[in-house]
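Novice: Got a structure for you, written out below as structure tokens; questions coming shortly.
The values are calculated or read from the model by the stated rules, or taken from the named source; none is laboratory data. None of the values given here were measured: they were computed from a predicted structure. Virtual Cβ from ideal backbone geometry, glycine too; neighbours counted across all protein chains shown.
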Amino acid sequence: MNFANTLKAEISRITRRELRSELQSLRKSSAQYRSDIAALKRRVAEFERMVRQLGKASTREKPGPIAGTKLNLRFRSQGVSAQRKRLGVSAANFGAIIGVSAQTVYNLEQGKTKPGPAQLEALHRVRKLGKRDVAAQLASR
């Protein structure tokens with residue numbers, strides 16, 4: 001019986017040693033895979049951030065000529081907002097000057113709509129006006 005126990009113990013010891021070496025290589029591989037996965041996740045996050053930035057850049061308005069106008073006029077929504085603030089008038093008064101409603105002025109400022117040819121020419125004319133001219137036009141209405 002002593003021989004059987006010794007044989008069993010020796011087999012267990014050799015098996016543990018073999019398993020230890022196998023497990024160590026598996027642990028190394030697993031650690032390498034985890035670091036590779038983490039690096040890939042960082043790259044994916046970076047690419048997603050770049051896609052969001054490019055998406056935002058592509059949705060921004062690019063000023064350019066609007067077809068159907070006599071002049072080569074361009075439209076920018078920020079320009080409408082800046083013009084209205086420069087003149088110091090409300091959206092309703094600014095709309096009255098160019099011939100549209102206050103809601104249309106808000107939509108133009110936010111870039112939700114683009115002006116038609118007549119509105120674009122009216123916006124172009126307003127750019128040449130000063131505060132006194134605007135006040136005179138509003139008083140005459």
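Novice: What number goes with the only condition from (1) modelled with pLDDT under 90; (2) within 21 Å of the chain's Cα centre (by Cα) that L87 does not pass?
Specialist: It fails just one condition, (2).
Novice: Then there is this: Considering only region 104-141, state which residues are touching a helix residue (DSSP H, G or I) at 6+ places or on another chain (Cβ under 7 Å), surrounded by 13 or more Cβ atoms within 10 Å (Cβ to Cβ) and without any contact (Cβ under 8 Å) to a residue 40 or more places away in the chain.
Specialist: T104, V105, Y106, L108, E109, T113, Q119, A122 - these are the residues of region 104-141 that are touching a helix residue (DSSP H, G or I) at 6+ places or on another chain (Cβ under 7 Å), surrounded by 13 or more Cβ atoms within 10 Å (Cβ to Cβ) and without any contact (Cβ under 8 Å) to a residue 40 or more places away in the chain.
Novice: Still on this structure, please answer the following. Restricting attention to region 74-130, report how many residues are part of a helix (DSSP H, G or I) and touching an Asp or Glu at 6+ places or on another chain (Cβ under 6 Å).
Specialist: Initial filter on region 74-130 (part of a helix (DSSP H, G or I)): 77-87, 91-98, 102-110, 117-127.
Adding the requirement that they be touching an Asp or Glu at 6+ places or on another chain (Cβ under 6 Å) leaves 77, 80-81.
Of the residues in region 74-130, 3 are part of a helix (DSSP H, G or I) and touching an Asp or Glu at 6+ places or on another chain (Cβ under 6 Å).
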